[in-house]
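Undergrad: Quick one: this structure, given as C-alpha cells, is what I'll be asking you about.
No lab work stands behind these numbers, since they all come straight from the coordinates. It should be emphasised that the depicted structure is a prediction, and the values quoted were computed from it without experimental measurement. Note: ideal-geometry Cβ built from the backbone for every residue, glycine included; neighbour counts use all protein chains shown.
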Amino acid sequence: MATQPRPYYSFEDYLGAERDCVDEKHEYVAGQVFAMTGASFDHNLITTNVAGELRQQLKSRPCHVLSNDMRLRIEAADACTYPDVLVLCDQPKFHDDRRDVITTATLLIEVLSPSTEAYDRGDKFALYRTLPDLAQYVLITQNRISVDVFTRQPNDNWLLRAYTDSDGPIRLSAIGCDLLASEIYAGVDLNRTASDEGAPRP
C-alpha cells in the first residue's frame, strides 16, 4: 500500500499559520510541521527552576534568559523550534521586525520527556549544531539526577560532560554560570519511576 505523502510547507507558510495559532505550538523542520504535546508538571517545574536560577546569576550581565515560548529559527537546517530554555549573551538577532523569532543562541537547554528524548539527543541536537554561535547544549532528565552538558570545541566537535551527582556544581562555562542539582530539581519527586511519566503520544 502506498503511503500518503505529507504536505510540504515553506517556512513563511509555517510562520504565518503559527503566529495565528492560539491553542497549539508546532515545530518546523525542512518543510514538515510537528505539533508539540503538553509538558508534564515536573517538566515545567524544572524549566522554571533553571530559567529562574540563570536569570538571577545573569541579571548584572548583558544576557537574556528565555523559556518555552520563544521561537528559534535555525536557518542552515531550515527549522524552527521552541527550546525549553534559551540563553543569549550577545545582541539579539531576529527573523523580522515582529521580534518573535530569534535566530541565535549561546546556550540551549531541553528537559527530556519519554516521547522526545531520542529526538532531543539525536535529530534536534543535529539541528542545533548548525547554529554557528551555539556554545553549549544541555539535556536534563526529569525523574533522576542526570544532566548532560555538551560543549563546542575549537575544532567544532562537541565534548560531553555527564553529571549524575547530587553534590557539586554543574558548570555552564559558555555563560559563566553554575547550577546545583538541588536547584534544578527543587520540588520534583525523584522517587517516582520512569513508568510514572506519561507515555509517548502515538
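Undergrad: Between 177, 138, 155, whose Cα lies farthest towards the positive end of the dipole of region 96-181 when Lys and Arg beta carbons carry +1 and Asp and Glu beta carbons carry -1, centred on the Cα centre?
TA: 155
Undergrad: Further question on the same structure: At residue 125 and residue 159, where each label point lies 7 Å from the Cα along Cα→Cβ, what is the point-to-point distance in nanometres?
TA: Output for this residue pair reads 1.6 nm.
Undergrad: The list [x] 10.9; [y] 15.7; [z] 13.2 gives values of mean projected area of the Cα convex hull in nm², and only one came from this structure; which label was calculated from it?
TA: [z]
Undergrad: Can you compute the modelled spin-label distance between residue 94 and residue 19, with each label point 7 Å from Cα toward Cβ, in nm?
TA: 1.0 nm
Undergrad: Pairs of Cα atoms under 8 Å, at least six residues apart: use those to get the relative contact order of the chain, whole percent.
TA: Result for the chain is 17 percent.
Undergrad: If each of residue 8 and residue 61 carries a label point 7 Å out from its Cα toward its Cβ, how far apart are those two points in nm?
TA: Going by the 7 Å Cα→Cβ label model, 4.3 nm.
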